[in-house]
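The values are calculated or read from the model by the stated rules, or taken from the named source; none is laboratory data. Just so it is clear, the model here is predicted, and its values are computed rather than measured. With ideal geometry, Cβ positions are generated from the backbone for all residues, glycine too; neighbour counts draw on all protein chains shown.
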Ligand code: TXA
Ligand code: MG
């Protein structure tokens, strides 16, 4: 199958929407990462998404809407806290998990009785969903286990020949997937996957915000988790990745002891001159948590293209958006985390 790259024009969006209505899987931009979309209510279309990604059948898909009125038919009820969160953070990078109705087939929900709903902020995503006229189920557009795609070229690299089309909406602004939450009770939110909507921001709407322990911990096989995605290997580039905790002097001292052929430091912008002076091959991934979120998935792909064999990543903070970056990096590193100093 030839995979076409479609441009952000009314005509090509209408064509992508037609493919969705016909039960095809189509690559689509969102503000977080690219997704592999399909008609959420069509089990055959959903099967194509699982097959193209190589995704385990028990890992549910997020259902995307483009109008606030469109989530009521998909969930059993909308509790007042969920309504407040939606009004504050939608459209945007927040996925809210609630008990589903039969409008969401079991296969879409990975066999669970709940569904995650998200109203993306990206104008091209909204235009596509509206033109399709159906809720759109979409996991991230990478092959299962690879870094998430943050532009159409990344998605093409993973999906060429597997899907009919990818709608190009430019590079993703956020660069990390949405914050996934569930409601523990009428006033409490639990973060199952951190993202651009931070626990601190959720706290402005919910009385209690808990970050699920699995977000920062290693989940071993066989553990019962609240979100199936927590237990799978994720975001792994070809290179071995090690996360290095510590301040700049300690990071540099550690890197000086670990240089070698194919070894790279994925570092903060301010580390670059010092790395270069010390003869350490390096790639900067930003000087703020937001910049690092936007850059690190594409940096991992770039380092693979350079033939890196081992990438040492300077660990970001674990508050604000840094928590989302840290959560992805410990998984990319297969939990290989060292403390320098
Ligand atoms: O930003 C995003 O969320 C992107 C874009 C395309 O919207 N989508 C995305 O989907 O990241 P995916 O499938 O790669 O990750 C969804 C995560 C998985 O870890 C999955 O296990 C979890 O959300 N999830 C989805 N529905 C769930 C549910 N009903 N209960 C628990 N976890 C759920
Ligand atoms: Mg994913």
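Results, tabulated for the structure shown:
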| item | result |
| --- | --- |
| Residue selected from the stretch 94-112 under the condition part of a loop (DSSP other than H, G, I, E, B) and in contact with a strand residue (DSSP E or B) (Cβ under 6 Å, 6 or more places away or on another chain), by the criterion nearest to ligand 1 (Cβ to nearest atom) | 109 |
| Some residue of the stretch 73-86 being in a strand (DSSP E or B) and surrounded by 21 or more Cβ atoms within 10 Å (Cβ to Cβ) | yes |
| One residue from 27, 23, 35 being in contact with a strand residue (DSSP E or B) (Cβ under 8 Å, 6 or more places away or on another chain), at positive phi and surrounded by 15 or more Cβ atoms within 10 Å (Cβ to Cβ) | 23 |
| Selection count, the stretch 316-328, where residues are surrounded by 23 or more Cβ atoms within 10 Å (Cβ to Cβ) and outside any helix (DSSP H, G or I) | 2 |
| Flag for residue 331 being part of a helix (DSSP H, G or I), under 28 Å from residue 196 (Cβ atoms), modelled with pLDDT under 95 and not assigned by TED's automatic domain parsing to the domain that holds residue 201 | yes |
| Residue identified as at pLDDT 95 or above, within 15 Å of ligand 2 (Cβ to nearest atom) and on the phi > 0 side of the Ramachandran plot among 145, 175 | 175 |
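To keep it simple, each residue is scored yes or no on (1) in contact with a strand residue (DSSP E or B) (Cβ under 6 Å, 6 or more places away or on another chain); (2) at pLDDT 95 or above; (3) away from ligand 2 (no atom under 16 Å from the Cβ); (4) over 30 Å from residue 87 (Cβ atoms).
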site: 192; (1), (2), (3), (4): yes, yes, no, no
site: 195; (1), (2), (3), (4): yes, yes, no, no
site: 205; (1), (2), (3), (4): no, yes, yes, no
site: 214; (1), (2), (3), (4): no, no, no, no
site: 223; (1), (2), (3), (4): no, no, yes, yes
site: 227; (1), (2), (3), (4): yes, no, no, no
site: 236; (1), (2), (3), (4): no, no, no, yes
site: 242; (1), (2), (3), (4): yes, yes, yes, yes
